[in-house]
Amino acid sequence: MGTSARPAIRIFDTTLRDGEQAPGFSMSPADKVRLAGQLEKLGVDIIEAGFPIASAADFEGVAAVARAVRTPVIAALARAVPEDVTAAWDAVRQAARPRIHVFLATSDLHLSAKLRITREECIARSVAAVRQAVALCPDVEFSAEDATRSDLAFLCDVAAAVAEAGATTINLPDTVGYALPDDIRRMFSAVAARVGPGVTLSSHCHNDLGLAVANSLAAIEAGARQVECTMNGIGERAGNAALEEIVMAIDVRGDTLGCRTRIHTEELYPTSRALSAVVAVPVQPNKAIVGDNAFAHEAGIHQDGMVKNPLTYEIMRPESVGAPATKLVLGRHSGLRGLDARCRALGHRLRVEDLRRLYTKMLEITDYAKSVDDTELVGLIRDLDAPGLDTAFDAVGASVRDSHDETSTGHTRW
Ligand code: KIV
Ligand code: ZN
């Protein structure tokens with residue numbers, strides 16, 4: 001199937017709502033407007049801008065995003081109570097494409113321990129809130145909080161009732177990150193069979209067991225056509241499914257997953273960095289797709305492969321996600337070919353014997369320092385006092401074999 005013939009998965013970004021609920025991640029209305037502009041550039045389909053009843057700042061943040069950002073749908077969250085639905089509508093009504101997002105828990109644990117209501121009351125409250133929202137706004141989403149720990153037959157009853165009441169999207173959250181991919185597939189298949197094709201099913205997975213992205217992809221396989229996620233995977237506790245990981249999994253493995261998104265992937269890295277700057281929390285270096293090390297290679301064998309053909313160790317190119325170019329980091333595990341590539345990038349083409357001298361000096365430094373940066377490397381090259389000229393690797397692999405080159409027969413040290 002050609003890429004454009006594949007169904008598009010709607011990307012529902014909840015960085016500004018579930019993401020900001022994480023301790024230390026709250027955002028001012030101005031922060032939200034700035035990030036929402038970047039999310040629009042990224043091409044997300046829906047921005048959940050906040051939970052208007054929660055505070056005056058939250059209300060103002062949603063209203064400001066609704067006024068400023070015109071292409072994506074702007075969603076506002078509401079509990080299944082009349083004041084929340086009214087506040088959500090008041091905050092989002094100026095959006096070009098508003099959505100009210102109503103939620104109520106459906107697991108027996110939440111019903112008895114938290115809400116102290118019966119299953120019948122749960123259905124009645126869900127239906128009443130959805131009806132109230134539908135009377136205000138044509139686009140209404142209902143979320144069955146803690147869906148993955150809910151009785152499946154009851155969850156199907158709730159889904160059927162809110163669909164009948166007019167919800168156009170039904171979200172089945174793994175609120176506490178408890179589910180395994182097979183649980184998710186079973187749940188989505190059952191609810192899809194019950195509500196039929198007129199309703200969009202949505203996934204919303206938390207990452208407590210590190211399975212949020214895998215579970216979101218399982219939901220897509222079982223019929224979900226919307227995924228809720230956050231940039232950098234921020235969110236309650238261990239966070240939400242990371243938007244950049246879901247999008248690139250679909251981009252790289254769309255042939256197998258049989259779907260696509262409308263995301264402009266080259267905006268992923270800029271969006272990740274914009275968020276990190278706003279909340280003043282750095283991105284972990286090994287974060288998939290957007291971390292500093294996502295396209296960095298230190299091991300000699302990997303550097304050798306990368307110089308010969310980047311496909312050997314990269315399944316996507318940094319430019320496809322807007323990240324800075326691949327980095328060959330010079331550290332204790334690097335080899336001659338990586339060193340040669342770094343020297344050339346700095347405009348120095350060294351003879352083989354000079355490159356070997358430089359390599360020895362580099363190892364003296366990396367025995368106690370983590371890596372050699374470009375400034376230090378230029379200093380080392382200057383100290384060599386070498387004439388420079390033709391290079392060690394004009395014919396790939398022909399002139400020099402080092403211990404980090406897999407074509408080498410010498411001793412190994414990686
Ligand atoms: O995790 C969750 O269940 C939620 C809902 C409010 C959608 O964030
Ligand atoms: Zn959540």
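Observations
- Degrees separating the helix 352-366 axis from the principal Cα axis of the chain, which is the longest one: 50 degrees
- Relative contact order computed over the chain (Cα-Cα under 8 Å; 6+ residues apart), in percent: 13 percent
- Note, ³J(HN,Hα) from phi for segment 168-180, Karplus 6.51, -1.76, 1.60, rounded to Hz, x at Gly and Pro: 9, 10, 10, 9, 10, x, 9, 4, 10, x, 9, 6, 9
- Peptides ranked, highest mean first, by Cβ atoms within 10 Å: ranges 317-328, 62-73: 62-73, 317-328
- Volume of the convex hull of segment 209-282 (Cα atoms only), normalised per residue: 96 Å³.
- Highest-fluctuation residue, P98, P181, P173 considered, GNM on the chain with Cα pairs under 10 Å: P181
- Lysine pairs in the chain whose alpha-carbon atoms fall under 27 angstrom of each other, counting only those eight or more residues apart or on distinct chains, come to 13.
- Residue-level accessible surface for T106, protein heavy atoms, 1.4 Å, Å²: 0 Å²
- Protein accessible area in the chain, 1.4 Å probe - carbon and sulfur %: 52 percent
- Evaluating kT/(6 pi eta Rh) at 20 °C and 1.002 mPa s, with the Kirkwood radius of segment 3-279 over Cα pairs in the Stokes-Einstein relation, gives 118 µm² s⁻¹.
- Per-residue ³J(HN,Hα) for segment 72-86, Karplus 6.51 cos²θ - 1.76 cosθ + 1.60, θ = phi - 60°, Hz, x for Gly and Pro: x, 5, 10, 10, 10, 8, 8, 5, 7, 9, x, 5, 5, 5, 4
- Averaged per residue, the chain has 42 square angstrom of accessible surface, using a 1.4 angstrom probe with ligands and nucleic acids left out.
- Once you reduce segment 283-303 and segment 149-175 to the center of their Cα atoms, the two points are 41 Å from each other.
The values are calculated or read from the model by the stated rules, or taken from the named source; none is laboratory data. The structure displayed is predicted, hence computed values, not measured ones. Here the Cβ is made from the backbone with ideal geometry for all residues, glycine too, and neighbour counts use every protein chain on show. The protein model used for the area step is the full one, side chains on, heavy atoms only, and it has no ligands, DNA or RNA in it. Shrake-Rupley method; radii C 1.70, N 1.55, O 1.52, S 1.80 Å.
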